[in-house]
1. If we keep just the residues of the range B:39-68 that are more than 9 Å from every other protein chain (Cβ to nearest Cβ) and not hydrophobic (A, V, I, L, M, F, W, C), which is nearest to A:TRP118 (Cα to Cα)?
2. Do you know which of the residues in the range B:165-179 that are hydroxyl-bearing (Ser, Thr, Tyr) and assigned to a loop (DSSP other than H, G, I, E, B) is modelled with the highest pLDDT?
3. Can you say whether B:GLU216 is surrounded by 14 or more Cβ atoms within 10 Å (Cβ to Cβ) and modelled with pLDDT under 90, as far as the supplied structure shows?
4. May I ask you to list the residues in the range A:19-39 that are open to solvent by less than 60 Å² (accessible area, probe 1.4 Å) and either in contact (Cβ under 8 Å) with a residue 40 or more places away in the chain or facing chain B (nearest Cβ under 7 Å) (or both)?
5. Taking the range B:242-254, which residues are surrounded by 21 or more Cβ atoms within 10 Å (Cβ to Cβ) and either in contact with a Leu (Cβ under 9 Å, 6 or more places away or on another chain) or aliphatic (A, V, I, L, M) (or both)?
6. Got a sec? Which of A:PHE154, A:PHE99, A:PHE163 is open to solvent by less than 30 Å² (accessible area, probe 1.4 Å), in the same structural domain as A:LEU222 (by TED's automatic domain parsing), closer than 30 Å to B:LEU305 by Cβ and not acidic (Asp, Glu)?
7. Could you identify the single residue in A:ILE189, A:ILE202, A:ILE197 that is part of a helix (DSSP H, G or I), open to solvent by less than 10 Å² (accessible area, probe 1.4 Å) and under 30 Å from A:LEU170 (Cβ atoms)?
8. Is it the case, given these coordinates, that B:PHE310 is at the interface with chain A (Cβ under 9 Å from one of its Cβ atoms), over 24 Å from A:SER236 (Cβ atoms) and either buried (at least 17 other Cβ atoms within 10 Å of the Cβ) or touching a residue at least 24 places away in the same chain (Cβ under 8 Å) (or both)?
Amino acid sequence: MEKVGRNAGFYTAATIKHAALIALALVAVFPIYWMIVTSLKPESEVFTSSFIPLHLTFENYANAWNAIPMGRMLGNSMVVAVIQTVMQLLTSILAAYAFTRWEFRGSSLIYGLIALTWLVPFQVIMIPNYVAISDFGWRDHLAGLIVPNIASAFAVLQLYNAFKSYPKTLIEAARLDGASDWGVLWRTIMPNLKSSIASIGILLFITSWNDYFWPLLVTTKLENTTVQKGLQMFISSDGNMWGALMAATTIASLPVLLIYLLLQRQIIDSFVKGGLK
Amino acid sequence: MSYEAVGVTRRHASGAKPQSKERKPFLLRLARIKPYIYLLPALVSIGFWIYKPLLQTFNLSVYQWNLLPTSPKQYVGMKNFTNLLGLPEMGIALWNTLIYTLGVIPFSLIIPLIIAIATDNIGRKASNVYRALIFLPMIMAPVAVSSVWRWIMHPTNGILNKALTDWFHLSEPIRFFTDEHWAIWSITFITGWKLIGFSTLIFSAAMTGINKEYIEAAKIDRANRLQIIWHILLPLLSPTILFMAMMSTLFASEWSFSYINVLTQGGPFNTTTNIYYLLWTYGFQSFNIGASSAAAVVFFLGFGLLAWLFMKLTKKLSFFDN
């Protein structure tokens, strides 16, 4: 930037930057805004283009709640997402600890096998997994939704990076104080990595809550499925109940939106970090 | 780090009781298998639910089967593979996959890169607000996203068609999901909409990581803005660019799967189907497990090759800044 006329030039450049970002932000946010607004409009208003509900109502929520077993499906989603998240964290904490604590034969091979799972698309392995779930008698069963996802390669890789950053000297010190390997993990390392483990946990929860493929495949009855699959069935069954559909969509997105409202900084940071690795 | 850990209580050793006679060798052996014990839960799960089914898919690809547990699998050798190209919808699915892959690139690479470069250093507070808003689509569930866009893009009642009619005086509304010329672009757009904020943040993060001294040095040498972008920023961003290019090439079709499934089911006239959706319809609609598995094997190997090429390219081209 030239020294002369710096101010004028500086401000136009800044204006253009902000205009571009505001445009992008509007494109990103408007559909979600429109979802919420539509869900709060009475039937007579749903088809108008007004950007705020003129007569605020919750009747769409009542309709959506009664049209499909919403409470039951939300409960299912919550159980599946919480158990999955906890199991994925546990299995990957143990795995990440093994990789960073010891040198052992085959460690890079095993790490490679875990890392390479991202090359295996869901659609390539869905038929054998569907057959396995059917053999176990777990179709239309929460176990069928949870058990195939108790380990997450993504979580292992993310936690591996977190564990790697933990200073080895502190582990040595704890060992000299007589701590066992198990104790080192839970009493020395874990308290210090709480925040990164929590943000990985949040990502896992969101991923699991939003999952659609697997419930689509192994569940058929509304009472036994998650809210995502229920929403899909509501979409394909609808006549013209747009208000109720948007209410159902809002309910299904609410937990994730609330978490995002509270913790967006951490969520964005860990997503970006996960993407860059 | 070593595995010596003799004389320390090992709660994990509950499987076998140490015998006092051979205490030392046993403990040594135990210490040696300890890492594997910690790895076991993750490995068993990943092995059972990812690698075992992968091998099974390879195996199923040489059989004819209709998914019924009672009906026998019939060995047909390579027939499923030789029949692949003649299968219904295979040609159009491959073509559509190419459209999805190329169609997503503006959203995953071009626009995010421009925005990231243009909006570098706009102040911390403002950038946090923008980040939070731009990233929002990424955390939304694909089904919820489909639902919302189905409403916005509805032919007669959707706000988009109303706006377009007002602004451009369309003679009739655009049927975004049922018009065979529009449907695939609508799906591509939704896939891109979900992605664009994430890509922008990835590129912005990479921009923040660039050492600003290079740019200052170039300015002193009287390089103009375009020269700086071309000769300094783009080479420094090349690892990120390649990474995002790889992600969108490999996953564009997988990402669009949910939108196809919820919004068009591959139609109208198969114009929105892609290879992953095809695997789905072969497997669970026509119950042609052999065809689905053979196609899965071919696509898996094809995408694996692509990934390998991308990684080669990354190693070769990337200019790392230490």
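The values are calculated or read from the model by the stated rules, or taken from the named source; none is laboratory data. On a predicted model such as this, the values are computed, not experimentally measured, just so you know. Here the Cβ is made from the backbone with ideal geometry for all residues, glycine too, and neighbour counts use every protein chain on show. These area figures cover heavy atoms from the full protein model, side chains too; ligands, DNA and RNA do not enter into them. Shrake-Rupley method; radii C 1.70, N 1.55, O 1.52, S 1.80 Å.
1. So the first thing to find is which residues in the range B:39-68 are more than 9 Å from every other protein chain (Cβ to nearest Cβ), and the list is B:58, B:61-66, B:68.
In the following step, the residues that additionally are not hydrophobic (A, V, I, L, M, F, W, C) were identified as B:61, B:63-64, B:66.
Values: B:SER61: 22, B:TYR63: 27, B:GLN64: 28, B:ASN66: 28 Å.
Ranking the candidates gives B:SER61 first.
2. Residues of the range B:165-179 hydroxyl-bearing (Ser, Thr, Tyr): B:165, B:171, B:178.
Still in the list and also assigned to a loop (DSSP other than H, G, I, E, B): B:171, B:178.
Numbers: B:SER171: 83, B:THR178: 89.
The qualifying residue modelled with the highest pLDDT is B:THR178.
3. Numbers: surrounded by 14 or more Cβ atoms within 10 Å (Cβ to Cβ): no; modelled with pLDDT under 90: yes.
It is false that B:GLU216 is surrounded by 14 or more Cβ atoms within 10 Å (Cβ to Cβ) and modelled with pLDDT under 90.
4. A:ALA20, A:LEU21, A:LEU24, A:ALA25, A:ALA28, A:VAL29, A:PRO31, A:ILE32, A:TRP34, A:MET35, A:THR38, A:SER39
5. B:MET244, B:MET247, B:SER248, B:ALA252
6. Values: A:PHE154 fails: open to solvent by less than 30 Å² (accessible area, probe 1.4 Å); A:PHE163 fails: closer than 30 Å to B:LEU305 by Cβ.
Checking each option against the conditions leaves just A:PHE99.
7. Numbers: A:ILE202 fails: open to solvent by less than 10 Å² (accessible area, probe 1.4 Å); A:ILE197 fails: open to solvent by less than 10 Å² (accessible area, probe 1.4 Å).
Within the list A:ILE189, A:ILE202, A:ILE197, the selection yields A:ILE189.
8. no
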